[in-house]
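In what follows, a single structure is set out as structure tokens and then discussed.
The values are calculated or read from the model by the stated rules, or taken from the named source; none is laboratory data. Bear in mind the structure is a predicted one, so any value in this text is a computation, not a measurement. For neighbour counting, all protein chains shown are included, and Cβ atoms are generated from backbone atoms with ideal geometry for every residue, glycine included. Please note that ligands, DNA and RNA were not included when accessible areas were found on the heavy atoms of the full protein model with its side chains. Shrake-Rupley method; radii C 1.70, N 1.55, O 1.52, S 1.80 Å.
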Amino acid sequence: MDQGDIDDVIERCVVPFYLDMMGTNAIRYGQPLTTALAEASRGVTPAQVTALLRDGWRPQVMGAWYSVTVAGPEVTTAVLHALATSRGALDAPSLATAAVVLAGPEAIEPLERYFAADQARGWGASGIIAAAADHVRRHHHVATLLPLPTDADQDTFTALLDIARRLQAASSGDNLAP
């Protein structure tokens with residue numbers, strides 16, 4: 001993929017949305033943007049999403065959200081790597097959400113790796129990451145070393161999962177009522 005192609009994807013699919021979808025902003029702005037994001041995702045290939053996930057935090061935020069619409073093994077691998085190597089709360093919530101949706105139990109190791117780095121550096125997303133790991137533990141019956149999340153972090157992660165599910169449904173043509 002040439003740089004011009006990825007620059008076009010960033011201009012079309014990242015720049016208009018990343019502020020509203022970074023961190024936990026997706027909870028407030030994601031549902032109203034679902035249709036626009038689903039339309040943008042229809043023109044995005046797995047290779048382009050993978051390229052976004054290998055870029056800086058802004059493209060990673062949107063790469064995470066688009067990943068749930070295009071899926072595929074290479075996309076899942078890229079999401080897990082981006083999560084494990086994330087450097088903070090701007091992209092980690094969307095990456096954790098995508099990792100749980102796409103990889104299920106395979107998300108535990110990258111979640112634990114990010115959690116340790118977040119705790120050591122005080123990036124501020126460790127609670128959401130603990131909630132993501134707890135979701136995987138409860139739904140896939142796998143062990144995790146991470147602590148149980150607070151109710152607030154659990155509610156936040158559940159809301160992020162809802163945005164991912166709505167995005168998946170909208171991109172496949174299904175309609176989920178608010």
### Task
Consider just the alpha-carbon atoms of the range 1-106 and return their Rg together with their Dmax, both in angstrom.
12.1, 36
#### Entry: Length released on extending from D8 to Q31, taking residue separation times 0.36 nm less the Cα-Cα span
5.8 nm
#### Entry: Protein accessible area in the chain, 1.4 Å probe - carbon and sulfur %
51
## Note on the structure
Rounded to whole angstrom, the alpha-carbon centroid of the range 110-178 lies from that of the range 8-42 at a distance of 19
### Task
Could you run the Debye sum over the Cα atoms of the chain, one equal point scatterer each and no solvent, and tell me log10 of I(q)/I(0) at q = 0.13, 0.15, 0.17 Å⁻¹, two decimals?
-0.56, -0.75, -0.97
### Message
Over the Cα atoms, compute the radius of gyration (one decimal) and Dmax (the largest Cα-Cα distance, rounded to a whole number) for the range 121-168, in Å.
### Response
11.2, 33
### Task
With everything on Cα atoms, drop me the angle between helix 57-70 and the longest principal axis of the chain, reported from 0 to 90° to the nearest 10.
80
### Nearest-0.05 FRET efficiency for D20 and R137, computed from C-beta distance (R0 35 Å)
0.70
### Summary
Env charge @ A107, Cβ radius under 12 Å, K,R +1 / D,E -1, value -2
### Summary
The correct pair for the range 70-156, radius of gyration to one decimal and Dmax as a whole number, both in Å and from Cα atoms, is 11.6, 33
### Query
In deg cm²/dmol, rounded to 500, what helix-only [θ] at 222 nm does the chain give when every DSSP H run of at least 4 residues adds -39500 (n - 2.57) and the total is split over its residues?
-22000 deg cm²/dmol
### Message
Tell me the accessible surface of E109 in square angstrom (1.4 angstrom probe, heavy atoms of protein chains only), to the nearest ten.
### Response
140
### Solvent-accessible area per residue, Å², over the chain with all protein chains present [probe radius 1.4 Å]
46
